Amino acid sequence: MVDPVRSRERMVREQIEARGVSDPAVLSAMRSLHRHLFVEEAFAYKAYSDGPLPIGEGQTISQPFIVARMSELLQVEPGMSVLEIGTGSGYQAAVLAHMGADVYTVERIKKLFFAARKRFMDMRMFSVKLKLDDGTMGWPEHAPYDRIIVTAGGPEVPEPLIDQLADPGRMLIPVGESKRVQRLVLIEKLDGRVTRSDQGDVAFVDLVGQHGW
Ligand code: SAH
């Protein structure tokens, strides 16, 4: 296999810094984390390439640049609590944990949940808490969250997530009617007011909820 240290360095330089992500905490996390351990072994050789990869169950680990961009937009600071919906491989959660966040992440597919839990145990990353559940309901027990990141796309923003966002707080969520084409929406809560801003096109797998979507 290609040298993972050099592959990571190249990934950060050519795919991430070159496209304008500059948050040192994001770059450091992505330089350090062994992304090849988050994908199926057969795809490990592609782990640092510029695209999403299958992780089983019809799901994908996001393109490295998307992980970087969302992590930067979220403006995470050490000690913040972050809720992620859609654990998948656990890579995005690991990036946020590396940035110093206390991460709560929810996944609805059993096999992916157990695989991610094992990865965090093997890596001794104890600041990530995982739950097997429908994430459109959030994780009320640990609310409010300073930051919320949804890494699957649905037609609307689940109300429980807005309720569980702290004030001040920031949330990123892909929103779109059609499959695998969404707009990335940044939701900011400040002084009791909730505002939304469009952050461009994204292509995530479906957010499967109890809303009859
Ligand atoms: N953040 C992941 C990639 C996410 S892929 C990573 O870094 O690898 C999207 C994930 O969202 C899939 O694993 C899918 O099963 C999960 N998902 C979809 N709808 C969900 C829901 N309602 N609750 C929890 N997880 C959900």
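Among the conditions (1) modelled with pLDDT of 95 or more; (2) under 15 Å from the mean Cα position of the chain (by Cα), residue 205 misses just one, which is (1).
Listed here are the residues, each with its yes/no results for (1) under 18 Å from residue 134 (Cα atoms); (2) open to solvent by 60 Å² or more (accessible area, probe 1.4 Å); (3) charged (D, E, K, R).
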site: 156; (1), (2), (3): yes, yes, yes
site: 161; (1), (2), (3): yes, no, no
site: 176; (1), (2), (3): no, no, no
site: 182; (1), (2), (3): no, no, no
site: 186; (1), (2), (3): no, no, no
site: 191; (1), (2), (3): no, yes, yes
site: 198; (1), (2), (3): no, yes, yes
site: 202; (1), (2), (3): no, no, no
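Take the residues in segment 30-59 that are within 23 Å of residue 100 (Cβ to Cβ) and assigned to a loop (DSSP other than H, G, I, E, B); name whichever of them is farthest from the chain's Cα centre (by Cα). Once the filter is applied, the top-ranked residue is 34. Residues satisfying the criterion are absent from segment 133-154 (criterion: open to solvent by less than 20 Å² (accessible area, probe 1.4 Å) and free of Cβ contacts under 8 Å to residues at least 40 places away in the same chain). For segment 1-29, the tally of residues that are basic (Lys, Arg) and either surrounded by 12 or more Cβ atoms within 10 Å (Cβ to Cβ) or within 17 Å of the chain's Cα centre (by Cα) (or both) stands at 3. As for segment 183-202, it holds no residue that is within 14 Å of the ligand (Cβ to nearest atom) and not in a strand (DSSP E or B).
Any residue in segment 38-52 that is under 21 Å from residue 165 (Cβ atoms), within 16 Å of the ligand (Cβ to nearest atom) and of a type in the set (Val, Ile, Thr)? No, segment 38-52 contains no residue that is under 21 Å from residue 165 (Cβ atoms), within 16 Å of the ligand (Cβ to nearest atom) and of a type in the set (Val, Ile, Thr).
Take segment 58-75 and flag every residue that is open to solvent by less than 20 Å² (accessible area, probe 1.4 Å) and under 14 Å from residue 172 (Cβ atoms). Of everything in segment 58-75, those that are open to solvent by less than 20 Å² (accessible area, probe 1.4 Å) and under 14 Å from residue 172 (Cβ atoms) turn out to be 67, 68, 70, 71, 74.
Could you check segment 116-153 and list, in sequence order, the residues that are within 27 Å of residue 182 (Cα to Cα) and either more than 13 Å from the ligand (Cβ to nearest atom) or in a helix (DSSP H, G or I) (or both)? Listed by number, the residues that qualify are 116, 135, 136, 137, 140, 143, 144, 145, 146, 147. Within segment 166-173, does at least one residue satisfy the condition of being at pLDDT 95 or above, in a loop (DSSP other than H, G, I, E, B) and within 20 Å of residue 69 (Cα to Cα)? No, that holds for no residue.
Please go through segment 30-54 and give me each residue that is open to solvent by 20 Å² or more (accessible area, probe 1.4 Å), under 14 Å from residue 112 (Cα atoms) and in contact (Cβ under 8 Å) with a residue 60 or more places away in the chain, ordered by number. Hit for segment 30-54 is 37, nothing else. Beta carbons closer than 7 Å, at least 6 apart along the sequence or on distinct chains, pair a first residue in segment 110-130 that is under 15 Å from residue 92 (Cα atoms) with a second that is open to solvent by less than 100 Å² (accessible area, probe 1.4 Å) and among the hydroxyl-bearing types (Ser, Thr, Tyr) for 112/87; 113/87; 116/87; 116/89; 128/105; 129/104; 130/87; 130/105.
The set of residues from segment 76-115 being surrounded by fewer than 24 Cβ atoms within 10 Å (Cβ to Cβ), assigned to a loop (DSSP other than H, G, I, E, B) and near the ligand (Cβ under 6 Å from one of its atoms) comprises 108, 109.
The values are calculated or read from the model by the stated rules, or taken from the named source; none is laboratory data. Not measured: the values here are computed from a predicted model. So basically every Cβ, Gly included, is an ideal-geometry build from the backbone, and we count neighbours across all protein chains shown. With ligands, DNA and RNA removed, areas are computed over all heavy atoms of the protein, side chains included. Shrake-Rupley method; radii C 1.70, N 1.55, O 1.52, S 1.80 Å.
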